Amino acid sequence: MGIGYRQHGKKNWEYRIRYNDPLSGKNKEMSKRGFETKPQARFAAQEMEKQLLNNYESATDTTLLKDFLQEWLQDYKRDVVRKNTYELHSRNIEKQIKPYFQQILLKKVKPVMYQKFLNHLFDQGYSKRTREIIHGTMFNAMEKALHLNRIERNPCTGATIKGNYQKKDVSFIDSSDIPLFLQEAYYYGYIYWIFFKVMIETGMRKGEAAALQWNDIDLKHNTIVIKKTLDFQASEDDDLFGDPKTFNSNRKITIRSSLANELHFHLKQQNQNKVAVNELYHHDLGLVLCRKDGNYLPKSSLYNAFSKILKNSNLPSLPIHSLRHTHAVLLMESGNEMKYIQERLGHGSIQITSDVYSHISKKIDTQSMNRFENYMNNIST
C-alpha cells in the first residue's frame with residue numbers, strides 16, 4: 001500500500017492511496033482532494049489507510065443508505081418477521097427515513113446527523129411513541145450493517161428521543177356503571193358480553209382479545225398468554241395473526257377465578273356450536289372470542305355493538321379502547337402499584353403508564369388521603 005500527495009492550487013491538497021483489493025486481487029487507487037494543507041491531507045490519508053486495513057468493507061463501500069435499507073428489508077426481514085411488522089418497517093423507511101437522508105452514503109450517517117433526524121421528527125409534530133417506532137426501524141437496520149462490517153459503529157446508539165408523551169384525556173367506564181354496561185351487553189348478544197368482559201378484566205387491546213386462542217389460556221392456573229394481535233384487514237387466514245403492538249406487549253397475566261369459570265362455560269358453549277355447525281366451523285383458527293361458526297368478529301361489528309350497548313346504558317360515546325383504560329383504572333382503584341399495572345398492560349416503561357394515568361392517580365390519591373384524614377379525625381375525637 002502506497003500514499004502520494006499532490007497540490008492542485010493554493011489550499012487544495014490531494015492524497016492518493018494505492019492498495020490491493022483482497023476480494024479481486026487487483027490493484028486499485030483511492031483519492032480525495034480539497035485539503036488546505038499537506039499535513040491535513042496526510043492525516044486524512046493515514047486514517048483512510050487504517051480503515052482499509054482494519055475494515056476494508058466499510059472503507060470501500062459506496063452503498064447509499066436508502067439502498068441498504070431496501071436490502072435489509074428484502075434479505076433480513078421479509079419472511080422472517082410477521083407481515084404487519086414488515087409493513088411497519090417498510091412504511092417508516094419510505095415515509096420518514098428515505099425522504100430525510102435522500103442520497104447520503106450508508107457509512108456517512110453519523111450520530112450527530114441521526115440526532116438531527118430525530119429532532120426533525122419532533123419538530124414535525126410526531127408523537128414520542130411514533131418516533132420511538134421509527135427509531136426502532138433505523139436502529140435495527142444499522143445494527144445489521146454493523147454486524148456485516150458495512151459501518152464502524154451504529155450511529156443510532158445513544159440517541160435521545162426528546163419530549164414527553166402528549167397527554168390525552170383518558171376515557172373509561174366508571175366502576176359504578178360497569179354492571180349496567182355488562183347487563184346491556186348480555187342482552188345485546190352473549191358473544192359481545194364475553195368479549196367486552198374479557199377486555200375489562202384483562203386490559204387487552206381489542207386486537208389482542210380477538211386473536212386469543214384456547215391454547216393461550218390455562219384455565220387450571222387462571223393465566224392468559226398474550227403474544228399476538230388480529231389483523232382485521234387480513235385477506236387470508238395466513239395473515240390473520242400478527243405481532244403485538246410492541247415487544248413488551250408479549251406478556252402473561254393472571255385472571256380472576258370468576259372469569260376463568262365464565263371462560264370454561266364459554267368453552268362448553270363453543271363446543272356445542274362446533275357440533276351444530278360441523279364441518280363449516282373454523283376449527284383451524286381456534287379462537288376464543290368469535291362468531292358461532294368460529295370465525296373472527298369483524299371490527300365493524302364490534303364497534304357497532306359497543307356503540308349501541310353504551311347508548312342502551314345511557315353512557316356517553318366512547319372508543320372500544322376505553323375498556324383497556326377501564327381495566328387500568330380498576331387496578332388503580334383497588335390499590336395496585338403502577339409497576340404492576342405497567343407490566344399487566346404491556347407498556348414499554350413505567351413512564352408511559354404514569355404519563356397516561358397520572359391525573360387519575362392524583363384523583364385516587366386525593367380520595368385516599370380524604371379517607372385517611374377522616375379516619376384520623378375519628379381517632380382523635
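Where a number appears in this text, it was derived from the coordinates with a stated rule and is not lab data. Predicted model only: the values in this text are computed from it and were never measured. No Cβ is skipped: glycine too gets one built from the backbone with ideal geometry, and neighbour counts run over all protein chains shown.
Among the lysines, select those whose C-alpha is under 17 Å from the C-alpha of K228, and discard any that sit fewer than 8 residues away in the same chain.
Filter leaves K83, K206, K245, K252, K299.
How many nm is it between the label spots at T130 and D218, if each spot is 7 Å from the Cα in line with the beta carbon?
4.0
In nm, what is the difference between 0.36 nm times the number of residues separating Q74 and D355 and their Cα-Cα distance?
Working: separation 281, 0.36 × 281 = 101.16 nm, distance 3.72 nm.
Separation in residues times 0.36 nm, less the Cα-Cα distance, equals 97.4 nm.
Quick one: angle between helix 38-54 and the longest Cα principal axis of the chain, in degrees between 0 and 90, rounded to 10, please.
60
Through the Karplus equation 6.51 cos²θ - 1.76 cosθ + 1.60, θ set to phi - 60°, convert the phi angles of the stretch 311-318 into ³J(HN,Hα) values in whole Hz; use x for Gly and Pro.
In residue order, the calculated couplings are 4, 5, 8, 6, 9, x, 5, 9 Hz.
I'd like the distance separating the alpha-carbon centroids of the stretch 255-271 and the stretch 71-123, in whole Å.
Answer, in whole Å: 45.
Whose amide H sits under 5 Å from the amide H of I173, counting only residues 5 or more places off or on another chain, with H placed in the peptide plane?
So I173 has HN proximity to T326.
Which shape class, rounded, prolate or oblate, goes with the stretch 123-257 when its Cα gyration tensor gives a ≥ b ≥ c as root eigenvalues, a/c under 1.5 marks rounded, and past that a/b bigger than b/c marks prolate? Before the final figure, lay out each step's value.
Values: a/c = 2.57, a/b = 1.81, b/c = 1.42.
Since a/c reaches 1.5 and a/b is larger than b/c, the shape of the stretch 123-257 is classed as prolate.
Need the full-extension length gain, E236 to N377, defined as separation in residues times 0.36 nm minus the C-alpha distance. One decimal, nm.
Values: separation 141, 0.36 × 141 = 50.76 nm, distance 6.49 nm.
Full extension of this stretch gives 44.3 nm more.
Starting from the Cα gyration tensor of the stretch 244-313, take the square roots of the eigenvalues, sort them a ≥ b ≥ c, and report rounded, prolate or oblate (rounded when a/c is under 1.5, otherwise prolate if a/b is larger than b/c, else oblate).
Working: a/c = 1.39, a/b = 1.14, b/c = 1.21.
Taking the square roots of the gyration eigenvalues as a ≥ b ≥ c, the stretch 244-313 is rounded.
Mind checking the angle between helix 257-277 and the chain's longest principal axis? C-alpha axes, 0 to 90 degrees, to the nearest 10.
Between helix and principal axis, roughly 90 degrees.
Restricting to Cα atoms and excluding each atom paired with itself, what does the Kirkwood estimate give for the chain in Å? Intermediate values should be presented prior to the final figure.
Numbers: mean 1/r = 0.0393 Å⁻¹.
It is 25.4 Å.
Under the rule of -39500 (n - 2.57) per DSSP H run of 4 or more residues, summed and divided by the residues of the chain, what mean residue ellipticity at 222 nm is obtained, to the nearest 500 deg cm²/dmol?
Values: 15 runs with 192 residues, N = 381.
Computed mean residue ellipticity for the chain: -16000 deg cm²/dmol.
Rounded to the nearest 0.05, what FRET efficiency do R33 and K108 give with R0 = 25 Å and r taken as the Cβ-Cβ distance? Could you check?
On the way: r = 18 Å, r/R0 = 0.71.
So the FRET efficiency works out to roughly 0.90.
Along the charge dipole of the chain, which of G34, W72, H147 sits closest to the positive end, that is, farthest toward it, with unit charges on the beta carbon of Lys, Arg, Asp and Glu (+1, +1, -1, -1)?
G34
Which whole-Hz couplings ³J(HN,Hα) result when phi for each residue of the stretch 329-336 is put into the Karplus expression 6.51 cos²θ - 1.76 cosθ + 1.60, θ = phi - 60°, listed in order with x for Gly and Pro?
With the stated coefficients, the stretch 329-336 comes to 5, 4, 4, 5, 5, 8, x, 7 Hz.
Taking a cut-off of 21 Å between Cα atoms, list the lysines near K28, but don't count ones fewer than 8 places away on the same chain.
List returned: K50, K107.
Rounded to the nearest 10 degrees, what's the angle between the helix 111-123 long axis and the longest principal axis of the chain, both from Cα atoms, 0 to 90?
That works out to roughly 40 degrees.
Please label the shape of the stretch 65-147 as rounded, prolate or oblate, based on the square roots a ≥ b ≥ c of the eigenvalues of the alpha-carbon gyration tensor (a/c under 1.5 means rounded; beyond that, a/b larger than b/c means prolate, else oblate). Please list the in-between numbers first.
Working: a/c = 1.87, a/b = 1.21, b/c = 1.55.
Note, shape of the stretch 65-147 comes out oblate.
Quick check: residue separation of R91 and E333 times 0.36 nm, minus the Cα distance between them. What number comes out in nm?
Stretched out fully, the R91 to E333 stretch lengthens by 83.2 nm.
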